[in-house]
Amino acid sequence: MKDRTKALVLILSSTLSFSFMGAFVKALGDFPVHEKVFFRNSVSLFVAFFILSFSARYSSQRKKGFLKLIFGQVTNQKHLLVRSLLGLLGVAFHFYALSRLYLADSQILNRTSPIFVTLFAFLFLKEKLSKVQISTIFFAMLGAIMVIKPKFDYSMLPALGAFGAAIMAGAAYTFVRFLRDKEKPETIIFYFSLFSVVGSLPFMIPVFVIPNTTQWLLLLGIGITASIGQIGLTHAYRHAKASEVSIYTYTGIIFSALIGYFLWDEISDITSIFGGLVIILSAVTVFYYNNRKEKTNQG
């Protein structure tokens, strides 16, 4: 199997896993968000630790020290901490929104995160911003407004939560981009998972709700699907460039729409559908622009 084909299989598997994670979160309803976040990251923490332990055992990294492998370089601690904080807030906002929005609508708003990566990379990494990218950011924001449908009352909070999750994710991925040549992907995942588990405890312990059997299974499902999704995403980008496969993450909107329809009879209204199409069109434009730019630079 060619590397690009492997990357495509991995990215689609990852996106499907994240879609099922969203379904499990939604199925838990009003179950405390901090407990969902805790169990989501507990499984990821275990998986990342296992991968790093295996890596340390069978590579030269063992000689450099296991603690440095799992916690990263001393010089990168500030960036790892900020990435983890942004990621934790993003997951919390996302889980809050998933419990109260249609799966497809939440996924549509979450898919604006790559637009924010472009914006934050310009602001903080000093990457150039072209006229095409500026216009796509504008249209993506317009599409998000169509999905949110501002009413200036409490009914808008879940949609704002999903949009806030996309902003936090975009900022977090900007730090991941900064760290990509400085730390192993599993190190970043482990650091984020550990930070999220510890950060969730102060909010979870005082009001801990003991899950019943069904809730335990759903919480375990959240952790497993999140781990599969994260691992699939990480390894997809190892087999192919992000510019070649990132566009396929938008299939998550279709997966979520189908899951939402079959499980909860969810059908987004025409305004949300149109807003989603605007966001996808903006993403596709950036995707082909970046590919064309990369080929020009290589030529």
**Fill in**
Being hydrophobic (A, V, I, L, M, F, W, C), in a helix (DSSP H, G or I) and farther than 28 Å from Ile273 by Cα narrows Leu109, Leu85, Leu89, Leu119 down to just Leu85
**Request:** Select from region 1-50 the residues that are touching a residue at least 24 places away in the same chain (Cβ under 8 Å), farther than 15 Å from Ile224 by Cβ and among the hydroxyl-bearing types (Ser, Thr, Tyr) and list them in ascending order.
**Result:** Thr15
**Prompt:** Among Ala97, Ala104, which is in contact with a Gly (Cβ under 9 Å, 6 or more places away or on another chain), among the small types (Gly, Ala, Ser), more than 18 Å from Lys36 (Cβ to Cβ) and crowded, with 22+ Cβ neighbours inside 10 Å?
**Reply:** Ala104
**Flag if Gly143 is buried (at least 24 other Cβ atoms within 10 Å of the Cβ), at negative phi and part of a helix (DSSP H, G or I)** = yes
**Request:** Select the helices (runs of 4 or more DSSP H) contained entirely in region 204-277, then report the ones holding at least 2 residues which are touching a Leu at 6+ places or on another chain (Cβ under 8 Å), farther than 19 Å from Asp105 by Cα and at pLDDT 85 or above.
**Result:** 213-239
**Selected residue [more than 14 Å from the chain's Cα centre (by Cα), under 20 Å from Phe39 (Cβ atoms), part of a helix (DSSP H, G or I) and among the hydroxyl-bearing types (Ser, Thr, Tyr)] from Ser193, Ser200** = Ser200
**Message:** I'd like the full set of residues that are outside any helix (DSSP H, G or I) and within 23 Å of Arg111 (Cα to Cα), limited to region 1-41.
**Reply:** Leu28, Gly29
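The values are calculated or read from the model by the stated rules, or taken from the named source; none is laboratory data. Because the structure is predicted, anything quoted here is derived from the model rather than measured. Please note: Cβ atoms are built from the backbone with ideal geometry, for glycine as well, and neighbour counts cover all protein chains shown.
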